[in-house]
């Protein structure tokens, strides 16, 4: 169905004016009444026993109102139910430099800082484990003895599909390399901040810069040991997350505990250094990968051995361990896949989820090896990839259900527009062009907390004045979900965006949404908003029928489309929920221009009349919409990892200039084909892809956290190098048409998938430019130069 | 975590006589004071508690020290308080000393150049990844010499009293160009002033960095007319903005009236504790490439370069010759 009013039009985000004008309030901007200022004392040791924490001198300082230590928290927490290993504050031992040990709430920030200096902590340093390879060896005292292991292994996953060895044996080309990836962090703009208001009945309102208000809500109740109904979580405007705010955090628990202890409002904000210390960024990774290729069959096998350094606690790490392997199943057909993936604990700030979660580093290895194989086999790197891209409506080796795939046409168009055939292998020394592809989940099909509730629920109301309000727990972290929610409702109800308000991310007012992670929100909350609006549309059409004295439409349940791909006998949410697949309203009415028009007779009533008639009986006009994933995947341990209702697909063609004397790499142009189904908001999609390119450029060329004896030595934006605007290349977005049956108006994700392939595309372009294969990321100029000199000497 | 400034008295003398009087008084009273012009280098040090003055003296009321003029003898006289952005935009500077405008334009970012001054850039504190850190980070590692400790994390065998005591590296972008231009500093103290050639200004130590005396400030930078001298500056940095030089190379060529090169000069920043500067005469009929090779070899031996930067030490050293050759190409040699 085409001819949309709102969907597909480049739309500035509905809060953009407030943000540009400085009116948007971020967490730390919210003026609570007379708050206490909180500050956190952090461990100077990577590994130590805490013998004693003496807060008496700090408590005696005038203006100090509250002090908490590890003794104030009995329960540990973690975003994953399966690894709740993190204390809000260190108890009897510290596991990384910067771990919270005590916190103070005082009348001013100055007093709080002075009080921290008066807290005396006696530590007994113990041997720190900083090297992930050493972490695999037996130690006297593991970081987490509760796991019952004699080493610091956190999670180990081994899976095998098909027969990779047979695949390699029959392959004309087999390539293998060892890769290493530095630790990188999200570098979002707004530092972590939390404010907690407490009322006379001891109820907490928690304002926090979080991607996951619902998970924070639950974790906080558990850690504070108070009922969930006493906590209200509000996510104000948020200045970027990229996965760095997708866990419940210790500082949030600390602020709430201080509020309960002092019965006062609490204000807590991080310095940039504290953001780096809290980290939760991409796991530093070493991996060895072997790939077999046959020009007739494509990829004949992949075997990967992956070691990821998790830092001190679990976070999303179990998922990361799986993703490093299972996300190798696309975007190409692979029958034979084996991987062994291990995550270890070390005495460093913890790693977690970061944009492209778990898929970025193995994607680099696979795309570089594939490029080597294609070159060796004499196959064009673009054409060779195109021939192997998943066909629509197929299953992967581990039974991922692949539905829509628009990448083939997209990459073909990218080849034409970038002039690939005229450039590849033909540019002068120092100039190069390279390609890489990727795919990514559009939300996780499996819930972190096992329950049968929908992944996203939206409530929708219309008031007597005709204003539509969408209530959703979804967390806009800058990606523009508030705008998408409004667009869904406006499109279905035939009103302008100015007639839709969104009330979002407030656990008192909005139904549950699981949060902004796994690229799930546009797909899932977007569907929920669309479905709520379709239900509302039916109420309005029924009211219009009354006014026009017509019988109401029958609204027969539509059949799934002919090409709908079922896995087994499983069916999508809407088949059990009477709302049709992409939108066929089935009502014979048109809602537009303030009129509800009966298409058969051409007669119409004003929209407002229909609203008021619909309000006559119930007095309130309210509907809901949900999204839940169909049941997917195989029946074996670990089958749920990486399952998604649908997947996005991306290809990048990148052109670079390599300076052979200095090793500097300049990315001149990035041509991107990204299959996100229908582009609901092309402006937001462009923003996401440009952002992915910028972020990918950082990891590819310069970003790297440096540790010295376990301390983050470049905890600031002067020494942790993220690219400046000067480094951003020209970007060409190529139309990549596809239509996702199950997505809202045909949409899939666009926020994460485009990140992973830009990095190997740069590497492959460097190879085309100067003939070197780099296996260490970031591909710093000194590494490029060393490889060039080595190649020249050989 | 605390990123607030600690308390200090604030003085903002209005004019040069008031500044001279204030500095004299503070010296007499033995107060611990810091002088700020743009403050772009000082503020992070204050926040990180690397300096803790009792009195902060702002130069921003001393209008006499801002401005650019050409004197009768052709000397370009630049007030120490001249903002880098004004230097970049100055027709006089672009006309007389384009390399200085270019080097000033490579400092940090436009916002910082709007605030930072030429005097401040000449005095920008030497940097070290073990010193320019928060109090928390500095508690983790044993305190080093520069923060009144007893170790150097770069040269572990260093002992107190041995020079250079501190290996924190020199990072001014403008100093190498001004060295090749044979600039002089006019230093003000009490009621007096003295002139010091820039080449005698810096010392080989990351802590005792220069010959500026307590209470002394840079008043003006004087650049004599540079007949036949052309200078080029380029820096090695990860990004095209924001970064201090991992290596900065200024190259000068002096020619006679007929355009024949007479002298090749090189100055370096970003490597050691102070800037290096060498001049190589080009004798009649001498092979230019031999002189260039000699200049590269000399510069390459300049400093013991330590691993304290984004780029490994070997790479930075390798780049010296590359940068010299590239500058020479731009200078048409």
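The values are calculated or read from the model by the stated rules, or taken from the named source; none is laboratory data. On a predicted model such as this, the values are computed, not experimentally measured, just so you know. Cβ: placed from backbone, ideal geometry, glycine included. Neighbour counts: every protein chain shown.
Any chance segment A:281-303 includes a residue that's assigned to a helix (DSSP H, G or I) and modelled with pLDDT of 95 or more? Scanning segment A:281-303 turns up no residue that is assigned to a helix (DSSP H, G or I) and modelled with pLDDT of 95 or more.
Filter segment A:658-672 down to residues that are within 18 Å of residue A:725 (Cβ to Cβ) and not in a loop (DSSP other than H, G, I, E, B) and give me whichever is nearest to the other protein chains (Cβ to nearest Cβ).
Among those that are within 18 Å of residue A:725 (Cβ to Cβ) and not in a loop (DSSP other than H, G, I, E, B), it is A:666.
On inspection, residue A:417 qualifies as touching a residue at least 24 places away in the same chain (Cβ under 8 Å) and more than 21 Å from the chain's Cα centre (by Cα). Scanning for something surrounded by fewer than 18 Cβ atoms within 10 Å (Cβ to Cβ) and either within 11 Å of another protein chain (Cβ to nearest Cβ) or touching a helix residue (DSSP H, G or I) at 6+ places or on another chain (Cβ under 6 Å) (or both), does segment A:684-701 turn up at least one residue? Taking every residue of segment A:684-701 in turn, none turns out to be surrounded by fewer than 18 Cβ atoms within 10 Å (Cβ to Cβ) and either within 11 Å of another protein chain (Cβ to nearest Cβ) or touching a helix residue (DSSP H, G or I) at 6+ places or on another chain (Cβ under 6 Å) (or both).
Looking across segment B:246-286, the residues that are out of contact with any helix residue (DSSP H, G or I) (no Cβ under 8 Å at 6 or more places or on another chain) and in a loop (DSSP other than H, G, I, E, B) come down to B:256, B:257, B:258, B:259, B:260, B:272, B:273, B:274, B:283, B:284, B:285, B:286. Residues in segment B:285-306 that are within 14 Å of another protein chain (Cβ to nearest Cβ) and crowded, with 21+ Cβ neighbours inside 10 Å: B:305 alone. Looking only at residues of segment A:287-311 that are in contact with a strand residue (DSSP E or B) (Cβ under 9 Å, 6 or more places away or on another chain) and under 12 Å from residue A:343 (Cβ atoms), we find that the one that is surrounded by the most Cβ atoms within 10 Å (Cβ to Cβ) is A:310.
Restricting B:243, B:234, B:309 to residues that are within 14 Å of another protein chain (Cβ to nearest Cβ), closer than 28 Å to residue B:88 by Cα and in a strand (DSSP E or B) narrows the list to B:234. In a residue-by-residue description of segment A:103-117, the property of being touching a strand residue (DSSP E or B) at 6+ places or on another chain (Cβ under 6 Å) and more than 14 Å from every other protein chain (Cβ to nearest Cβ) applies to at least one position. Evaluate the following for residue A:653: is it touching a residue at least 40 places away in the same chain (Cβ under 8 Å), in contact with a helix residue (DSSP H, G or I) (Cβ under 6 Å, 6 or more places away or on another chain) and within 14 Å of another protein chain (Cβ to nearest Cβ)? Considered against the rule, which asks whether it is touching a residue at least 40 places away in the same chain (Cβ under 8 Å), in contact with a helix residue (DSSP H, G or I) (Cβ under 6 Å, 6 or more places away or on another chain) and within 14 Å of another protein chain (Cβ to nearest Cβ), residue A:653 comes out as no. Just give me the residues in segment A:772-785 being more than 8 Å from chain B (Cβ to nearest Cβ), over 21 Å from residue A:184 (Cα atoms) and touching a residue at least 24 places away in the same chain (Cβ under 8 Å), in sequence order. Result: A:773, single match.
Which of the following residues is part of a helix (DSSP H, G or I) and more than 28 Å from residue A:240 (Cα to Cα): A:375, A:405, A:318?
Checking each option against the conditions leaves just A:375.
Within the option set A:750, A:756, A:711, A:715, being over 24 Å from the mean Cα position of the chain (by Cα), at pLDDT 95 or above and assigned by TED's automatic domain parsing to the domain that holds residue A:441 holds for one residue only, A:711.
If the condition is being free of Cβ contacts under 8 Å to residues at least 40 places away in the same chain and closer than 26 Å to residue A:113 by Cα, then segment A:19-40 contributes only A:31. The condition of being within 14 Å of another protein chain (Cβ to nearest Cβ), outside any strand (DSSP E or B) and under 30 Å from residue A:683 (Cα atoms) holds for only one of A:717, A:745, that being A:717.
Answer yes if at least one residue in segment B:250-266 is more than 14 Å from chain A (Cβ to nearest Cβ), more than 30 Å from residue B:77 (Cβ to Cβ) and in contact (Cβ under 8 Å) with a residue 40 or more places away in the chain, and no otherwise. No, every residue in segment B:250-266 fails to be more than 14 Å from chain A (Cβ to nearest Cβ), more than 30 Å from residue B:77 (Cβ to Cβ) and in contact (Cβ under 8 Å) with a residue 40 or more places away in the chain.
From B:74, B:119, B:67, grab the single residue that is at positive phi and in contact with a strand residue (DSSP E or B) (Cβ under 7 Å, 6 or more places away or on another chain).
Result of the check over B:74, B:119, B:67: B:67.
The listed residues are A:710, A:751, and the only one of them that is under 30 Å from residue A:475 (Cα atoms) and touching a residue at least 24 places away in the same chain (Cβ under 8 Å) turns out to be A:751. Within segment A:30-57, the set of residues being within 14 Å of chain B (Cβ to nearest Cβ) and under 26 Å from residue A:197 (Cβ atoms) comprises A:37, A:38, A:39, A:40, A:41, A:42.
With respect to the conditions (1) within 14 Å of chain B (Cβ to nearest Cβ); (2) part of a strand (DSSP E or B); (3) under 27 Å from residue A:752 (Cβ atoms), residue A:268 lacks only one, and its number is (3). Considering segment A:14-27, the residues that are surrounded by 13 or more Cβ atoms within 10 Å (Cβ to Cβ) and outside any strand (DSSP E or B) include one that is nearest to the other protein chains (Cβ to nearest Cβ), namely A:27. Across segment B:119-141, the qualifying residues are those that are in a helix (DSSP H, G or I) and more than 8 Å from chain A (Cβ to nearest Cβ), and the one among them that is nearest to the chain's Cα centre (by Cα) is B:122.
For residue B:307, the criteria (1) under 19 Å from the mean Cα position of the chain (by Cα); (2) farther than 23 Å from residue B:199 by Cα hold in every case but one, which is (1). Looking at this structure, is residue A:95 surrounded by fewer than 17 Cβ atoms within 10 Å (Cβ to Cβ), more than 14 Å from every other protein chain (Cβ to nearest Cβ) and under 29 Å from the mean Cα position of the chain (by Cα)? Judged against the criteria, residue A:95 is not a match. In the condition set (1) in contact with a strand residue (DSSP E or B) (Cβ under 6 Å, 6 or more places away or on another chain); (2) part of a helix (DSSP H, G or I); (3) surrounded by fewer than 19 Cβ atoms within 10 Å (Cβ to Cβ), residue B:26 is compliant with all but (3).
The strands (runs of 3 or more DSSP E) found entirely in segment A:414-518 that carry 3 or more residues being outside the structural domain of residue A:606 (by TED's automatic domain parsing) are A:431-441. Is at least one residue of segment B:104-112 assigned to a strand (DSSP E or B) and buried (at least 20 other Cβ atoms within 10 Å of the Cβ)? Taking every residue of segment B:104-112 in turn, none turns out to be assigned to a strand (DSSP E or B) and buried (at least 20 other Cβ atoms within 10 Å of the Cβ). Just one residue in the set A:756, A:761, A:769 is away from every other protein chain (no Cβ under 13 Å), out of contact with any helix residue (DSSP H, G or I) (no Cβ under 9 Å at 6 or more places or on another chain), assigned to a helix (DSSP H, G or I) and surrounded by 24 or more Cβ atoms within 10 Å (Cβ to Cβ); that residue is A:769.
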